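One structure is given here, and the rest of the page talks about it.
The values are calculated or read from the model by the stated rules, or taken from the named source; none is laboratory data. Remember, it's a predicted structure, so these values are computed and weren't measured experimentally. Virtual Cβ from ideal backbone geometry, glycine too; neighbours counted across all protein chains shown.
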Amino acid sequence: MSVFNRAKLVDDNFLRFLDGWGDEEGVVGERVVPGRDLSDFVRDGFPLTGHEILEFFESQIAARHLDFIARILRTEDKSYYTIGSTGHEGNVAVGAATRHTDPAYLHYRSGAFVMQRARVGGYPDMVRDTVLSMVVSRDDPISGGRHKVWGSKALWIPPQTSTIASHLPKAVGAAIALERAKRRHIDLEIPEDSIVVCTFGDASSNHSTAQGAFNTACNAAFQRLPTPILFVCEDNGIGISVKTAGGWIEANFSERPGLKYFDADGLDIVDAHKVALEAVDYCRRFRAPTFLRLGVVRMLGHAGTDQEAEYLTLEHIEATEAKDPIIATARIMLESGVATVGDLRDRYETMRDCVRGYADEVVTLPKITTLEEIVEPLAPYHAEAVGDDAKVVVARDLRVKAYGGENRLPEKSAPKHLAAQINRALIDLMVKYEHVVVFGEDVAQKGGVYNVTANLWKTFGSGRVFNTLLDETTILGLAQGFGSMGMLPFPEIQYLAYYHNAEDQLRGEACSLQFFSNGQFRNPMVVRVGSYGYQKGFGGHFHNDNSIAALRDIPGLVIATPSMGDDAAQMLRTCAALANTDGRVVAFLEPIALYMAKDLHEAGDGGWLTDYPPVESFVPIGEGRVHHGEHSDLAIITYGNGVYYARQAVKVLQDEHGIKARVVDLRWLNPLNVQFIAEQASTCGRALIVDECRRTGGMSEPIITAIVESCDPMPRVARLTGADTYTPLGPASRLVLPSRDQIVQYAVQLCAE
């Protein structure tokens, strides 16, 4: 039996059910049984009226017919997404029990929830919007034709592309942020007693990302921190082709500390509605994590291409279809006299015609036709506005208070090292932007592993500077949630290697939000990461990770990496302004080995210390820095630690070899300033690329490409990179990273050619 015919069987089953029930006599007025008051409850002891169940039925059949049309249009090569909600329509109860202003991070089978939320929110166009999304029309109001997603700005549904629970950490972050934003008097545009709704499947609940989110929520509740999140597990007992052990969800979640557990039958809308109301009420009143297991079934396979018969017996498939929640809802209405067979059939066929009519209309509407349209919302950058924001200087008395006195202002002190200048820049940014929050592992009382966040907690309090669990997924999830709730998060990842534990939170979630919402939603953040190697053999590869390839290929992510203190302060100001103005996500990679560096050529020379730059100064995105710009024999193009060793090498090259080299500090690794690179290479005619990252996947590859594609005539080029290996412990670590002497060696050879 083909996939489409299976859908036809499900469709026919409902109509056969109505035919088998028998038509009712005495249809009048609203076509209900005479004398039936639709304001009465349909079942004793349950708060669901006739009016409400009719509305729920409308939402359920809207979701059902959307699934049908997706498959029909797919056979006509007009639709591109067939994962549906058939069997999960019991989630309509959650859509009814929550407000349309409760932020909702949704599972892809939450169609009936969305249809009901649209009714609650007075939004009449959700059925048409969904068809627009299926056919990837440019007129789709949420993604603009970029993907089929559940989403709506008006209904507080940020679009998710998550398939395996990667949206749970940011949902928890949003719940925690709700209360902190309220205390910070940040305008949330939603009621103060709002909750966050997060739906997912039973199989996804086993994913480590989901488990981290549950743990974070429960840990917050254990500490009596308000965390108003409603986890809704739509438990159909199967993940694509792998069955979930019976009773596992209840056994796993019903006794967790800090998590209130509810269980509802999603195939009985009366029961589901009652329990959903109880769960929502508990979550809203107690501001605590709440878990609602909603028992449902999965019908029509995982998606349109999924052949269930390959891994399920026909008897199992038919038994599942016999539990159809729409048939169950219809049976309740017929038994209680809320509606007649004729009424339900009319509603069902009217919805079919409505959906088909929308499909016939929207398939002719324009789709995205240019690359420019595709990428337009990906990486918004309004350079003038960002610059204006970066230059804003707060009142002097506020800075004096933050620093503890006029004489302690950083511009009045002696030159300082990189870590100190970053710390001062963070203080200034927290004074300037009252919605900045700093968090991560050990950033509060301890001040971070390298004291970069020292005294921030004392100065600004635990509401703005706080420690997190030792979980990078949680840290980046919190950042997304805080950003979505109007704050400007500065999360810290202690070491670059630790970022890889949670990279999908940036790749799949944070950096995709503006893209898939067509710029309507955003989660700004500046992620500070202790980065790179050269720590004199300490810590091995976990503390000397020099791989940034996983960051470089994330669409829309800005990557900044200063090498000196004055640059760091000015670049942080730019990053904060970019996140604040354009909602961007920034990775700020700080060379750990240079945090405390003071000297450049010899002990006591203070060559790596800098003055604190004027508070109105900043470095525009992409703007590099040239040291020894009067030299033109060779351009050493580098960044981070490479700048330090290249500047050491410049002295040796001039004193011992008569070669006058300039050092080109890129400062911004993404977007890469191709024109700047080409100009520097062309001016000197020779370019040595010093890349502390690995030879494969490091920065040398795009830099060489920029030179090859943009320089005519082609300068002579060589590259010195880190080795394609993990960094060993102890003195052997020096063998895998570029050194001053290697730079000299490569430079002499290049200039001799």
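Table for the structure above
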| read-out | value |
| --- | --- |
| Single residue of LYS458, LYS432, LYS412 found to be more than 26 Å from LEU578 (Cβ to Cβ) and modelled with pLDDT of 95 or more | LYS458 |
| Of residues in segment 372-406 being within 30 Å of THR459 (Cβ to Cβ), of a type in the set (Asp, Glu) and loosely packed, with under 12 Cβ neighbours inside 10 Å, the one nearest to the chain's Cα centre (by Cα) | ASP397 |
| Criterion (without any contact (Cβ under 8 Å) to a residue 60 or more places away in the chain and of a type in the set (A, V, I, L, M, F, W, C)) met by exactly one of VAL585, VAL626 | VAL626 |
| Residue match in segment 352-367 (condition: among the aromatic types (Phe, Trp, Tyr) and within 33 Å of the chain's Cα centre (by Cα)) | yes |
| Qualifying positions in segment 140-171 - farther than 28 Å from ASP471 by Cα and touching a Lys or Arg at 6+ places or on another chain (Cβ under 9 Å) | ASP140, PRO141, ILE142, GLY144, GLY145, SER152, LEU155 |
| Failed criterion for ILE176 (all others in (1) surrounded by fewer than 23 Cβ atoms within 10 Å (Cβ to Cβ); (2) over 27 Å from GLY246 (Cβ atoms) hold) | (1) |
| Matching residues in segment 86-145 - criterion: being of a type in the set (S, T, N, Q) and under 29 Å from ASP265 (Cα atoms) | THR86, ASN91, THR98, THR101, SER110, GLN116, THR130 |
| Scan of segment 653-689 for residues that are surrounded by fewer than 18 Cβ atoms within 10 Å (Cβ to Cβ) and either assigned to a helix (DSSP H, G or I) or touching a Cys at 6+ places or on another chain (Cβ under 8 Å) (or both), ordered by number | GLN654, ASP655, GLU656, HIS657, VAL674, GLN675, GLU679, SER682, THR683 |
| Helices (runs of 4 or more DSSP H) fully within segment 316-383 counting 2 or more residues that are over 24 Å from PRO124 (Cβ atoms) and assigned by TED's automatic domain parsing to the domain that holds ASP125 | 325-336, 341-362 |
| Residue check, THR86 assigned to a loop (DSSP other than H, G, I, E, B) and more than 27 Å from the chain's Cα centre (by Cα) | yes |
| Selected residue [closer than 29 Å to ILE69 by Cβ and of a type in the set (Phe, Trp, Tyr)] from TYR311, TYR282 | TYR311 |
| Scope segment 473-506; condition under 18 Å from VAL438 (Cβ atoms), in a helix (DSSP H, G or I) and over 13 Å from the mean Cα position of the chain (by Cα); matching residues | TYR498, TYR499 |
| 1 or more residues in contact with a Gly (Cβ under 9 Å, 6 or more places away or on another chain) and either buried (at least 24 other Cβ atoms within 10 Å of the Cβ) or not assigned by TED's automatic domain parsing to the domain that holds TYR495 (or both): qualifying strands (runs of 3 or more DSSP E) within segment 515-608 | 525-531, 585-591 |
| Output for segment 704-753, where each listed residue is in a helix (DSSP H, G or I), polar (S, T, N, Q) and surrounded by 12 or more Cβ atoms within 10 Å (Cβ to Cβ) | THR705, SER710, SER733, GLN742, GLN745 |
| Verdict on TYR80 being assigned by TED's automatic domain parsing to the domain that holds CYS354, touching a helix residue (DSSP H, G or I) at 6+ places or on another chain (Cβ under 9 Å) and part of a loop (DSSP other than H, G, I, E, B) | yes |
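Listed here are the residues, each with its yes/no results for (1) in the same structural domain as ASN219 (by TED's automatic domain parsing); (2) touching a Pro at 6+ places or on another chain (Cβ under 6 Å); (3) surrounded by fewer than 22 Cβ atoms within 10 Å (Cβ to Cβ).
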{"position": "ASP139", "(1), (2), (3)": "yes, no, yes"}
{"position": "ARG146", "(1), (2), (3)": "yes, no, no"}
{"position": "TRP156", "(1), (2), (3)": "yes, yes, no"}
{"position": "PRO191", "(1), (2), (3)": "yes, no, yes"}
{"position": "PHE200", "(1), (2), (3)": "yes, no, no"}
